[in-house]
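Each reported figure results from applying straightforward, stated rules to the coordinates on display, with no laboratory input. Quick caveat: nothing in here was measured; it's all calculated off a predicted structure. When we count neighbours, we look across all protein chains shown, and the Cβ atoms used for this are built from the backbone with ideal geometry, even at glycine.
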Amino acid sequence: MPTLDREALARLADALAREARERRCFMEVCGTHTMVIARYGLRQLLPATLRLVSGPGCPVCVTAMADLDRVVSLARRPEVTLATFGDLVRVPASGTTLAAERARGADVRVVYSPRDALRLAAEQPGREVVFVGIGFETTAPTTAATLLEAEQRGLTNFSLLSLHKTMPAALRALLDLGETPLDGFLLPGHVSVVTGSECYRFLADEYGVGGVVTGFEPQDVLEGLLTLVRQERPAVAIQYRRAVRPEGNRVAQGLLAEVFEPCDADWRGLGVVPGSGLAVRERHAAHDAARRFGLEEAGPSREPAGCRCGEVLRGVLDPVDCGLFGRACTPGHPVGACMVSSEGSCAARYRYRGLQTAGGAA
Amino acid sequence: MCLALPMRITAIEGSTATIAAEGLEQECSVLLVPEAKVGDYVLVHAGFAISVIDEAEARETLALLREIGELGEAGEDEGADA
Amino acid sequence: MSKGDERVLLGHGSGGRLYRDLVREVFLAAFANPVLERLGDSATLEGPRRLAVTTDAHVVQPLRFPGGDIGRLAVAGTVNDLAAAAARPLALAAAFVIEEGFPLDALRAVCESMAATAAEAGVSIVTGDTKVVERGAADGLFITTTGVGEVVTGHDPSPALVRPGDVVLLSGTVGDHALAIIAARGEFDFRLEVRSDCAPLWGLVEAAVTAARGAGDEAALRFLRDPTRGGLTTVLAELAEESGLGVEVDEEAIPLAPGTRSACELLGYDPLTLANEGKMVLVVAPGAAEAVLAAVRATPYGGDARRIGVVTDAHPGVAALRTALGTRRVLDMPVGELLPRIC
């Protein structure tokens, strides 16, 4: 496995400085890329000609307020044990958070894997265990597999609230907005483990924008950027070849098709993007929390006053340029999701900010 | 999105594998990677292995990184076609 | 949310920003006095003998974990708060809140652990209190320990004494205790080689004081603090904030146990924000730094001690980390509850 190699990094940074002659703007669309870039201060290694912006790659951040309110409504039911990834616990819903609900008596459990939620259901047959399925194509197969296991084992008290979203349609919607001229994408490494790279071909073919499926070590990111810089014409390539195949993971894709069907999804920042969500199919309705609990269709979302997460998520507003950033909105008192989620652009910029002295601006 | 760690498979029983990283051991499901075998490195996300890491590609990435460095050092006027 | 409806959150107990806010807004506001306002780990009292006093509540779950138990934690935690004031522990008091139905054998085991740890630190538990509450009201057992110590130095180690050029030492690996607890809770299904580092550190601090005296000036030992809840980043951020100076540490110099690295990558934790119960941060004047480091390394719990950074007049009030790539970023106190990053 590539480990941190300062020399290789230095050479990659030099190559970038030499070869990125024209001004280019690249976007990354994966929360883990946002984190790695901020954690290692990779922007400090890039030449001034290269601008790297964050897009809608944090699944928590792009979850609409109305969907978060549905999660809270489930948590408030006395018979429900709500199992969730840790990322969701502090995200602001309308006037509350899951942490606040827990303080008021809601049964909210943080889990590492959807299978942990299944274990809770098996251990507590008297409770309704609902797992909040958040995440893109990396995570959706794991919840799909878990739902099927619940069926096989007859765990009728386990259900899934699917808030899963898929990337390609969102990228299309983003480009259709035409707000920022983008010269290329760093494409999400682990989403692509599942989807493969073919699903991004339209970026090059229809929009003339290249994309490189990139891994998560600092070397990977710099190599991904260099590959984009070197593309003579827009194309989709894989830098993360040790984990991603062009066809993706067929078994995972099969599970997705078995359990889910495409639906419209509401993305903070993009609005409703047709066909970009995953809904549990009718034949698995017994384990679909939305049907089981008669959840209303999520209505329109209302953002907190002054919150500009939507613009940050589209890559048109740099977090530091938001009036609330670092003042009314900090990790301690977050206004919007981008500041709470550890993969959110604002949180990454704030927590891993460089030093504002000569020799170290983030 | 997508925190996933490369871990080595030390045992497989059915669709559950025992996986290890330095100082750490746990189980994960290998349902999504039926081709995985003991000794393979897999990417583990949320309790599931999602990909078998291709060691040859991993080594090639390292070699490529070195190559980029060497070509880069060869001259000032490198074009974008190396 | 109206003010009347505000609740205490788990995050308020985690040692980071939320915790500090609670202390200021509720406790300081009510108890206001100059000694408390210093918000040190222990309070030094004026008088013919310079005494330090400190108190800690211990609510760990599970009660036993690899490397220790609530008893060892209770004694070590209080001894270490005194040690951070350069105070030799003189006496401990322990108050027990026990849940009805708690097995006596388990209680005896906890007390044996406390006695052994106290003996190690050369101190006794001289008084105490016991209350029993109804089943369900106390999570098994809560222990509050109060300690009194005598400051052995002529000065009080404090951020105010720190100067640019001072060396930052860390007595060993970080993140061990928090991860041992997480693993022991069994919420995440993994087996970790990491054990809690829970240990009394008076011996280590005494060795540091002796070494500083030997190097010419005991006041070279400028500042001491144990990185418990909130981790190393909290201590460094507090040091920078309270001293008004900059602190810069080197990521590669910070020792981590192998299992710590893996577990943190798997769960998305930053090891620098995780709690420790047997570590000390020491800030030492440059002239005595090598001698103090050598002395600490020679103690039973200081074998992995390293120089990790330096105090600087660049970026005043800010603690910074130099990453393995040579880039730099700011170290903040973590906000609140530790949540694993997964998706």
Span-like helices, chain C: DSSP H, alpha-carbon axial extent 20 Å or more, mean Kyte-Doolittle 0.0 or greater, which ones?
C:104-120
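First check a/c for chain A, with a ≥ b ≥ c the square roots of the eigenvalues of its C-alpha gyration tensor; if it is under 1.5, answer rounded, and if not, answer prolate when a/b is larger than b/c or oblate otherwise. Mind dumping the intermediate values first?
Values: a/c = 1.93, a/b = 1.49, b/c = 1.30.
Verdict is prolate for chain A.
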Checking C:G47, C:G317, C:G268 against a Gaussian network model of chain C (alpha-carbon springs below 10 Å), the top fluctuating residue turns out to be C:G47
For the range C:1-56, which trypsin sites (Lys or Arg not before Pro) are in a loop by DSSP, counting at most 10 other Cβ atoms within 10 Å?
C:R49
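Count the DSSP beta bridges whose two residues both fall in the range C:61-155, then state the antiparallel fraction as a percent rounded to the nearest 5. Please list the in-between numbers first.
Numbers: 13 of 21 bridges.
That works out to approximately 60 percent antiparallel.
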Taking the Cβ-Cβ separation of C:D105 and C:A160 as r and a Förster radius of 41 Å, what is the calculated FRET efficiency to the nearest 0.05?
0.25
Integer Hz, Karplus 6.51/-1.76/1.60 couplings in order for the range A:86-92, x for Gly and Pro:
x, 3, 8, 5, 9, 5, x
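Given the -39500 (n - 2.57) contribution per DSSP H run of 4+ residues, what per-residue ellipticity at 222 nm results for chain C, rounded to the nearest 500 deg cm²/dmol?
Working: 9 runs with 99 residues, N = 343.
The helix contribution divided over chain C gives -8500 deg cm²/dmol.
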Residues meeting the amide H criterion for C:R191 (H placed from the backbone, H to H distance under 5 Å, 5 or more places apart or on another chain) are B:E25, B:Q26
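Cα-Cα pairs above 34 Å in chain C: how many percent?
Cα-Cα pairs of chain C separated by over 34 Å account for 22 percent.
With an 8 Å cut-off on Cα pairs and a minimum separation of 6 or more residues, tell me the relative contact order of chain C in percent. Can you show the working numbers first?
Details: 789 pairs, mean separation 78.8, N = 343.
It comes to 23 percent, rounded to a whole number.
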Indicate, rounded to the nearest 5 percent, the antiparallel portion of the DSSP beta bridges found entirely in chain A.
20
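I'd like the projected area of the protein assembly as shown, averaged over all directions, using the convex hull of its alpha carbons. Report it in nm² with one decimal. Show your work: numbers first, answer last.
On the way: hull surface 134.4 nm².
Reported value for the Cα convex hull: 33.6 nm².
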Taking amide H atoms as placed 1.01 Å from N in the peptide plane, list the residues 5 or more away in sequence, or in a different chain, whose amide H sits under 5 Å from that of C:T312.
C:G165, C:G246, C:V247, C:E248
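Where both residues lie in chain C, what percent of DSSP beta bridges are antiparallel, nearest 5? Walk me through the numbers before you get to the answer.
Values: 44 of 56 bridges.
Roughly 80 percent of the DSSP beta bridges within chain C come out antiparallel.
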Taking only C-alpha pairs under 8 Å that are 6+ residues apart, what is the relative contact order of the range A:309-351 in percent?
33
Sparse-neighbourhood loop hits (GluC sites (Glu not before Pro), the range A:288-355; DSSP loop; Cβ within 10 Å at most 11 others) -> A:E296, A:E297
Given R₀ = 51 Å, FRET efficiency for C:R191-C:V126 by Cβ-Cβ distance, to 0.05?
0.80
Separation between the A:A285 and A:R23 pseudo-spin-labels, each 7 Å from Cα along Cα→Cβ, expressed in nm?
5.6
Could you tell me how far the Cα centroid of the range A:294-327 sits from the Cα centroid of the range A:111-133, in Å?
31
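What is the fewest-to-most order of A:M65, A:M339 by other Cβ atoms lying within 10 Å of their Cβ?
Values: A:M65 24, A:M339 32.
Placing the least packed residue first, the sequence is A:M65, A:M339.
Filter the trypsin sites (Lys or Arg not before Pro) in the range A:128-195 down to the DSSP loop ones having no more than 12 other Cβ atoms within 10 Å, then list what survives.
Details: sites: A:R153, A:K165, A:R172; in loops: A:R153.
Answer in residue order: A:R153.
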Please give the per residue volume of the convex hull enclosing the alpha carbon atoms of the range A:309-351, rounded to a whole number of Å³.
57
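Determine, from the Cβ-Cβ distance of A:E7 and C:A294 and an R0 of 41 Å, the FRET efficiency 1/(1 + (r/R0)^6), rounded to the nearest 0.05.
Numbers: r = 33 Å, r/R0 = 0.80.
Here the calculated transfer efficiency is 0.80.
Explain nothing, just the number: relative contact order of the range C:41-151, from Cα pairs under 8 Å at least 6 residues apart, as a whole percent. Mind dumping the intermediate values first?
Working: 221 pairs, mean separation 46.4, N = 111.
Answer for the range C:41-151 is 42 percent.
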Residue-wise HN-Hα coupling along the range B:32-46, computed from phi with Karplus coefficients 6.51, -1.76, 1.60 (Hz; x: Gly, Pro):
7, 10, x, 7, 5, 10, 4, x, 6, 9, 10, 8, 10, 9, 6
From the phi angles alone, apply the Karplus equation (6.51, -1.76, 1.60; θ = phi - 60°) to the range C:34-40 and give each ³J(HN,Hα) in whole Hz, x where the residue is Gly or Pro.
x, 5, 5, 4, 5, 6, x
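Under the rule of -39500 (n - 2.57) per DSSP H run of 4 or more residues, summed and divided by the residues of chain A, what mean residue ellipticity at 222 nm is obtained, to the nearest 500 deg cm²/dmol? Can you show the working numbers first?
Working: 15 runs with 131 residues, N = 362.
Result for chain A, helices only: -10000 deg cm²/dmol.
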Search the structure for amide H atoms under 5 Å from the amide H of A:I238, placed 1.01 Å from N in the peptide plane, and list their residues when 5 or more places away or on another chain.
A:V213
